[in-house]
Amino acid sequence: MKSEVIVVSSRGQGMEAALALADNTAGQMGLTSREALHMRLLVEEMMNMVRSIIGQLEGKFWIENEGKSYKLYLQTKTLMDTEQRKQLVSASTSGKNEAHRGIMGKIRAFFEPMPIDDTPAYLMETVMPNAANGDLTWSMEAYKERLLKRKEASAGAQEEWDELEKSVVSHIADNVTVSIRGYDVELMILKK
């Protein structure tokens, strides 16, 4: 069953409504208090990611469930252009986007409009192209597999693995995917 759709923005619009929707949906699904808390934590993480995006992001949030399994969706168009992004990143002392720390920070990178050539390598290694329509999809499962294979050989991969281990989302969610179609981006968090 699909819930109502809530409009959320990086300015804070709709975030309380999204949390209320999570609480109501958990109640309707008959989730235990622990399961309901997990849903709320995942929605909070999603809303924190939206809140931390620079620029004016507006998107649609909804929940789909079947039994006790559910998917949280955030769908948007990226609004900050590549030049704005470069100017913001160049203003940092390191010249790097420090916001790409943690798993939600890495996911947030997909919501920043940038040419595919500028997408961080650690994300591109796990992006799967769809030859039929040109869409791209990133999956937390594929990201975890890549890190498991490389963490022994690479200090950078070990650091990324440690970062992933600290993530609330990676411990609660069964999978996270990001689908990209031009400037249309969809984040989906699955909990079975």
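Restricting the first member to segment 166-192 and to residues that are among the β-branched types (Val, Ile, Thr), and the second to residues that are surrounded by fewer than 18 Cβ atoms within 10 Å (Cβ to Cβ) and assigned to a loop (DSSP other than H, G, I, E, B), the beta-carbon pairs closer than 9 Å and six or more apart or on different chains are 180/135; 189/174.
Only one of 25, 32 is over 20 Å from the mean Cα position of the chain (by Cα), closer than 12 Å to residue 72 by Cα and of a type in the set (Ser, Thr, Tyr). Can you tell me which?
None of the others qualify; the one that does is 25.
Out of 45, 35, one residue alone is closer than 20 Å to residue 170 by Cα, surrounded by fewer than 19 Cβ atoms within 10 Å (Cβ to Cβ) and touching a strand residue (DSSP E or B) at 6+ places or on another chain (Cβ under 9 Å). It is 35.
Applying the set (1) aliphatic (A, V, I, L, M); (2) over 20 Å from residue 46 (Cβ atoms); (3) surrounded by fewer than 17 Cβ atoms within 10 Å (Cβ to Cβ) to residue 168 leaves exactly one unmet item: (2). Of the residues examined, residue 80 is not one that is surrounded by 15 or more Cβ atoms within 10 Å (Cβ to Cβ), modelled with pLDDT under 95 and under 30 Å from residue 30 (Cα atoms).
Considering only residues that are at pLDDT 90 or above and crowded, with 18+ Cβ neighbours inside 10 Å, which ones fall in segment 48-70? Once the filter is applied, which keeps residues that are at pLDDT 90 or above and crowded, with 18+ Cβ neighbours inside 10 Å, segment 48-70 yields 59, 61, 63, 65, 70.
The values are calculated or read from the model by the stated rules, or taken from the named source; none is laboratory data. Small disclaimer: the values here were computed from a predicted structure and weren't measured. Neighbour counts run over all protein chains shown; Cβ positions are idealised from the backbone, glycine included.
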